[in-house]
C-alpha cells in the first residue's frame, strides 16, 4: 500500500512557506471558492491550484486514493443535485434551453448542465489546495502556527500527533492485512467486493488494539516529559514569517478582493454565459 | 555519608483494578551517583517499582499506597508528576511509540518546549544533548522513525538528558536492540554515568548483557518483593537467580556443568576478570571427557531458494542471489541486522512479494503461481506482535477463523480447533476472551490459529521478543515439542543469541541482502567477521574457552550446546 496523506519535505517553495501562511491561504481560498459561482474566477483558481500543485512536486500516486474517494463523493453529489432539483440551473439563470427529455420531470437542460459543471469546478479548485496543505506542512509546525493564531496548544498538539500517526497507522494496516492474508483471508481483487469489505473489518480490531497500546505509551511519554505543565509552551519547530510569507498573503488578499469584485459586479454570484449569445 | 536520592520504607502498592498488591513491603535505599540494576521476571513488580519512582504510579496508574517513599527528600505526592519529571528522567522500553516529535531535534527538545524555554536556548541545549549521546547533527532534522533501533534509543536518552535530571531510569533498555547494539547501549549508559554522575537505575532481566559494564548493586524482585539486594559478585555466587527465574551468564552455567565452584571473591560478574585458576583443569576435563553425541539426521528439503534476486525499487537490490534449503523437520534461525533482508525473505515465501528472478520450491514444486492463501496452507507466518494478528474477541473463534473462511464444515472445524488448542495448551481457555490472556498466551493463540491450517512449516518473526527467561523457556519448549512430535519445520527470524544456541541446529546469516553464512550456531557465534556483519555478539563461552586455555573454542561451544540439551531433556 502506498503512503498517503503524509507530510514530506521536498524542499520546494511551498515547503518553505510558514505553516500559518498556508493555513491562511487554505481558509481564504476555500471561502472564495465556496462563495463564487463565477466560472471565470473558478477557472483562474483551478489554473492557479494546478500550478501550485506542480510547484509542490507532490506526485499523483501520493494522493490517488484520497483523490478517487473525493471523486466518488463529487459524483454522488452531482447525481443527487440532479435527482432532487433537476431545474436548479433554470431557476438560477432564469431561462431554459431544453436539450432532451429523459423521463417524467427530468430533462437535460443546458442551464442545469452548466450549473453542475460549476459545482464540479468548485471541488477542483479547492481539492488540490487542501491536499497540498496537508502534504506540505510539517505537522508540528502546523500546530505551532495554530497556537500562534490563539488555539490552545493541547488541541494543536492532538492535531499534530494525529497527522503524525497517519504513516504509522498505514504501516500497521499493511502488517495486519498481511497477517490476515497469510491465514488465507483473501484481500486481493480475486475476492468479491462484499467479501473484501467483510474481510477488511477483520483488520480493524487488531488495528484498534495496537493503536490503543500506542496511545497508552505515548500518553505516558507525554506526561513524563512535562506536557501540560504550563499554560503556554514554546515550539522547537516554530517559524517566523519571512518576506515570502508576506508576499504570498498580499497576493492572496489582492486576488480574493478581485475575485469577489468580478463575481458580484453583475449583481449575482452566478456568471451567465447564455446572455452573451 | 552518601546522600540518599530514593528511599522506600515499608512501601506497598496495589493497583486499583487488582486484588493483590503488586509491591509488598519494599525497603530500598538508593544513593546519589549509584548505578543500580533492578532484575526480576515479568510480573515481579520491577516495572511498578520503577514507575513509583517516576510518578506514573500512582498519578497515571492509580491505586493505594502504604508506607513511605521519598525522592530527593520529597514526598512524590507533593511534587506531582511534573515536579518528579524534573528530578527523574525515564527512557521507556518501547522506543517506537515513545517518540513525540516529528524530527529528532524536536523530540529531544520536547521537555524544554513544555518548560517554555526560548527557542534559541533550546537549539543549543538540544545540540549538547545530541553530542553527549553521539547523535550526528545532521540527524536532528530526520524523522525518528527513519533511524535504527540503537539510534532511536539514543534519541530517547538525549530527550531525557537535555533536562539535567538527577536520576536516570531505563526501563528494559535492551528489549528492542540486537546484541551488538545492546552492548553499545550499555557502554553509552556507563559513559553517561561517569560524565554526569547521575544516579542510574536500570530495569532489565538480561543480566549477562547488563553486566557487560560495571554495576554497583543488583536488586532482585520476585512476586512483588525484594528477594536480594547485593553486589553482582555475591548474587552470581548464590542461587537466587535460579529461584527468581533469571538467566545466569552462560559462562557461569558452563562452569557449573564442569563442577567448578563459583566464589564471590573470584569476580564472577565479568568474564574478563573472573579467576579461573581452580576451574581451568576441571573445565578441560569436562570438555575432553564427557562425550555427548549430537544427532544429525538426514532428510528431504522442504523449502528451497534458488538464486533469488529481489528489489522494491529498481535502483536498490534488497536480496541478491539468495540460495539455501531448509530440511523437513528442521528448526533453524535466520539472523542479521535490521534491513539485511530477513523480513523480505519471509514476504517472498508467503507471497506478499514476488522475486525478480530465481525460483522458490516448496516440497520440490515451484510456488511461483500459488496465491497467498494457497501458500498459507503450507507455510504459516507468525508475526512478532500478537496484537497484529488477533482479530476475534474469543479464543475459539480466533483459532477457527482460517477454517471458517475456507468454508469447512462445522463439525470438522470443531474437531480440528480442539485438537490444536490441546497441542498448544490452550484447551482449558477455549471459551475465554483473548483479552484475558497474557502476552505469551496470546502468542500461543496466534500459533494455534496458524497450526489449525496444518502447515508443514511455520515462520516466526522474533518469537521470544519481550519475554523473560521463564516464558522464553516455556515457549521454546513448546515449539520444540511441536517440532519433534508434529514434525513441523520451524524457521525463526531472531536476534536472540540464546535462542540460536539452545534451540536451533543451524543459522543462516544475512547481511546486505546476501547470505554470508549458513552453519551451526557454534560456528557462527565464534566467527568474528560474521558476528560483526550480523550485529551479533561473541558468546561469552568463547571467551571462557580462550581464558581456560582451550584452543578449539568452536568445539567447546558445540560441546556446551550438546551437553546443555542433554541436561534439559
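Here are the numbers for the structure shown:
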{"item": "Search result, residues across the range B:235-247 that are buried (at least 17 other Cβ atoms within 10 Å of the Cβ) and either within 21 Å of residue B:275 (Cβ to Cβ) or touching a strand residue (DSSP E or B) at 6+ places or on another chain (Cβ under 6 Å) (or both)", "result": "B:235, B:236, B:237, B:240, B:241, B:244, B:246"}
{"item": "Qualifying position, being out of contact with any strand residue (DSSP E or B) (no Cβ under 6 Å at 6 or more places or on another chain), over 29 Å from residue A:231 (Cα atoms) and more than 14 Å from chain B (Cβ to nearest Cβ), among A:131, A:149", "result": "A:131"}
{"item": "Every pair of residues 6+ apart whose Cβ atoms lie under 7 Å, when the first sits in the range A:227-252 and is at the interface with another protein chain (Cβ under 9 Å from one of its Cβ atoms) and at pLDDT below 90 while the second is part of a loop (DSSP other than H, G, I, E, B) and surrounded by 14 or more Cβ atoms within 10 Å (Cβ to Cβ)", "result": "A:237/A:138"}
{"item": "Options A:260, A:264: the member that is more than 30 Å from residue B:445 (Cβ to Cβ), under 24 Å from the mean Cα position of the chain (by Cα) and surrounded by fewer than 18 Cβ atoms within 10 Å (Cβ to Cβ)", "result": "A:260"}
{"item": "Condition broken by residue B:37, with the remaining ones in (1) more than 12 Å from chain A (Cβ to nearest Cβ); (2) touching a helix residue (DSSP H, G or I) at 6+ places or on another chain (Cβ under 6 Å); (3) touching a residue at least 40 places away in the same chain (Cβ under 8 Å); (4) more than 20 Å from residue B:172 (Cα to Cα) satisfied", "result": "(4)"}
{"item": "Options B:509, B:557; residue that is in a strand (DSSP E or B), touching a residue at least 24 places away in the same chain (Cβ under 8 Å) and in contact with a helix residue (DSSP H, G or I) (Cβ under 7 Å, 6 or more places away or on another chain)", "result": "B:509"}
{"item": "Subset tally (residues that are closer than 16 Å to residue B:419 by Cβ, more than 27 Å from the chain's Cα centre (by Cα) and more than 7 Å from chain A (Cβ to nearest Cβ)) for the range B:387-403", "result": "3"}
{"item": "Selection from the range B:172-217 of residues that are over 28 Å from residue B:237 (Cβ atoms), in contact with a strand residue (DSSP E or B) (Cβ under 8 Å, 6 or more places away or on another chain) and surrounded by 20 or more Cβ atoms within 10 Å (Cβ to Cβ)", "result": "B:198"}
{"item": "Total residues in the range A:172-194, condition without any contact (Cβ under 8 Å) to a residue 12 or more places away in the chain, more than 9 Å from every other protein chain (Cβ to nearest Cβ) and part of a helix (DSSP H, G or I)", "result": "2"}
{"item": "Residue within the range B:272-284 that is without any contact (Cβ under 8 Å) to a residue 60 or more places away in the chain, farther than 16 Å from residue B:540 by Cβ and crowded, with 20+ Cβ neighbours inside 10 Å present", "result": "no"}
{"item": "Selection count, the range B:477-505, where residues are in a strand (DSSP E or B) and under 18 Å from the mean Cα position of the chain (by Cα)", "result": "3"}
{"item": "Residue list for the range A:221-250, restricted to those being part of a helix (DSSP H, G or I), exposed (fewer than 12 other Cβ atoms within 10 Å of the Cβ) and within 26 Å of the chain's Cα centre (by Cα)", "result": "A:250"}
{"item": "Within the range B:153-247, strands (runs of 3 or more DSSP E) holding 1 or more residues that are more than 14 Å from chain A (Cβ to nearest Cβ) and more than 30 Å from residue B:113 (Cα to Cα)", "result": "B:217-222, B:225-230"}
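The values are calculated or read from the model by the stated rules, or taken from the named source; none is laboratory data. Computed from a prediction, not measured in an experiment: that's the story for all the values here. Note: ideal-geometry Cβ built from the backbone for every residue, glycine included; neighbour counts use all protein chains shown.
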